1. For residue 238 and residue 92, what does the FRET efficiency come to when R0 = 45 Å and r is the distance between their Cβ atoms, rounded to the nearest 0.05?
2. How large is the Kirkwood hydrodynamic radius of the stretch 17-63, in angstrom, based on all distinct alpha carbon pairs?
3. Can you give the extra length, in nm with one decimal, that the chain gains between residue 126 and residue 183 once fully stretched, where that is 0.36 nm per residue apart less the Cα-Cα distance?
4. Please figure out what share of the DSSP beta bridges in the chain is antiparallel and state it in percent, rounded to the nearest 5.
5. How big is the chain on each of its three principal axes, counting only the C-alpha atoms and giving the largest first in Å?
6. Going by Cα centres, the stretch 111-180 and the stretch 322-397 are how many Å apart?
7. How high is the FRET efficiency between residue 32 and residue 160 when r is their beta carbon distance and R₀ equals 56 Å, given to the nearest 0.05?
8. Which order do the peptides 321-334, 232-245, 77-90, 369-382 take when ranked by the mean count of other beta-carbon atoms within 10 Å per residue, highest first?
């Protein structure tokens, strides 16, 4: 069998540090692959006017599977200021390359597991009856529609006459904004299509069925956002009734869900939502299992293109430290999701077991696990570096 080729995209900031250590773990676990590096991120925006060069798109199209580190994104005006002088006259506008990847390859399915590790000092705790300290087990998988909704990119500031006049045909727009000068209006749309909404719902229900979860929770806002959230809820009801009657469908408003996730997180199994609400609820649940240092994700298309990444950012201030201090476990777990996806489940299971043993043993902990501020001297104070955490996982392997 030929060696698999993986596109590795370090991206910005700490992306390179966590991705390099993850590849070391994959090698040690026996995953036989060749890695080709793809250019993506802020430096390519500054130097080339494009944070997602066509050559990287071509690499992913060819090899199908990619590991991605992290990305830096800045507001439009700041991005323009950092652009190389020769590109400033070309009317270029920065847009997130990872969002661009999702839309180009239609990476519509986003999966974000949030699962408690035994012994993690950052696990969520609460007070129970009689002031007893409880540490509920969190085992939640969030399915987020990844290409539509508020992240669809259909936006205007000072909209054209055609756009403005189209919105003026809606009575509520005319009543609430008809007297606002057009040049003072900014519009971001929230667009859901039935096909992609059905796709994410079916993925969520199927995952619940395959892995024994008893419920699927829709975390939207159909009581207010009646057209998009309302459509999603109606479709979820139809799919559950016709194809998954053994799985309960729960409907929670996103604001209430954010309260309940700290009251009774152990009650939830699979959660499904549109783009923005899925982003919000996945970060909320990630906080219950230790924060973004433990938050992994996968995104894929129906055509077999898949990108795996931690959900943390590029943390540029840490990238300049002489010794990298960031927690690589979210990136390592994202690589395990990649292994599951390409049917290398035995290796994935072996890595997850090693990670669990390191965490439970508690001898090697990164600065976040030791509840330290992320200063350059944390390693001298006893925290594990990025490399030392990867070393510990490899030792357990």
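1. Efficiency, from the Cβ-Cβ distance: 0.55.
2. 12.3 Å is the Kirkwood radius here.
3. 15.6 nm
4. Once the DSSP bridges in the chain are tallied, antiparallel ones form about 45 percent.
5. 65, 60, 49
6. So the two Cα centres are separated by 28 Å.
7. 0.55
8. 321-334, 232-245, 369-382, 77-90
Bear in mind that the values in this text are calculations on the coordinates, not laboratory data. What you see is a predicted model, and the numbers here were worked out from it, not measured in a lab. A quick note on method: Cβ atoms are made from the backbone with ideal geometry, for glycine too, and the neighbour counts reach across all protein chains shown.
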